Amino acid sequence: MYRRPPSLDFILPTAGLKPTMARLSTNERGFSLVEAMIVVAIMAILLALALPMTASYMDNSRVRNAAEVFVSSVMTAKAEAAQRNTRVEIVLLADTTAAGLTTAGISAAKGWAIRTFDQTVHIEGVDLVEGSGGTSSPVTVTAVDQDGGALDGVVFGSLGGTTLAKRADFNFTHDTGGNCIAAAGPIRCLRVTVTTTGRVKLCDPSIADLSDTRSCN
């Protein structure tokens, strides 16, 4: 005998049971447009607050990286002088390649070279650049003696000492990131000092506490 399929009335729950296809309750509804806009606005505010901190961190990292590379180059120049048994200099130059071997040093630059003092052998050249395109770095190094007189580099002898009459200070600053911390700015400018005896130190000129090993005094 043919049986009629159960009607929809028989599929629906009986009285007293919660229907399976009921409307969503208030607690189950999604975000409204106003709520979504509030969340987006809060995220935008947090992002705006974080961006300056991120930029300052990157600027300070560039300064530190440049100073650390310079320390490595100074140590290389010192070692080359001992190995070659001749005077070797590390000098700030506009052209750090072999083509600039005999050019005069400058007191502020974005690169340096290591060469024999008689300017016959180019040992190494370093340019402060960023990215694969070789964009010039915003970091500048300036050389002065401990009394503020202009310098362009340091000459090392074969025994590790220098020809300096006074300590040399190589100061690393950021061109666009703002003033140094010592001048109430956001940049932690750094200094590489080279004593007359050839001692090399990376330090922070903004630290006045003589007991702090990071100070330049």
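Summary table
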read-out	value
C-alpha center-to-center spacing [the range 96-148, the range 180-211] in angstrom	20 Å
For residue 93, residues with placed amide H under 5 Å, excluding near neighbours	106, 111, 112, 113
3J(HN,Hα) from dihedral phi, the range 162-172, Karplus parametrisation 6.51/-1.76/1.60, rounded to Hz, x for glycine, proline	10, 9, 5, 8, 9, 4, 9, 10, 10, 9, 10
Angstrom value of the Kirkwood radius, inverse mean 1/r, which spans all Cα pairs in the range 38-183	16.9 Å
Ranked packing of 96-102, 129-135, most packed first, by mean Cβ within 10 Å	96-102, 129-135
Protection proxy ranking of 166-178, 139-151 - average other beta-carbon atoms within 10 Å, highest first	166-178, 139-151
Accessible area of the range 163-217 belonging to carbon and sulfur atoms, whole % at 1.4 Å probe	50 percent
Virtual spin-label span in nm between residue 195 and residue 64, 7 Å along Cα→Cβ	2.6 nm
Surface accessible to a 1.4 Å probe, per residue, for the residues of the range 68-217, Å²	48 Å²
Cβ-based net charge around residue 72, under 14 Å, with every Lys or Arg adding one and every Asp or Glu removing one	0
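The values are calculated or read from the model by the stated rules, or taken from the named source; none is laboratory data. Quantities reported herein were computed from a predicted structural model and do not represent experimental measurements. Quick reminder, even Gly has a Cβ in these numbers, built from the backbone with ideal geometry, and neighbours come from all protein chains shown. Please note that ligands, DNA and RNA were not included when accessible areas were found on the heavy atoms of the full protein model with its side chains. Shrake-Rupley method; radii C 1.70, N 1.55, O 1.52, S 1.80 Å.
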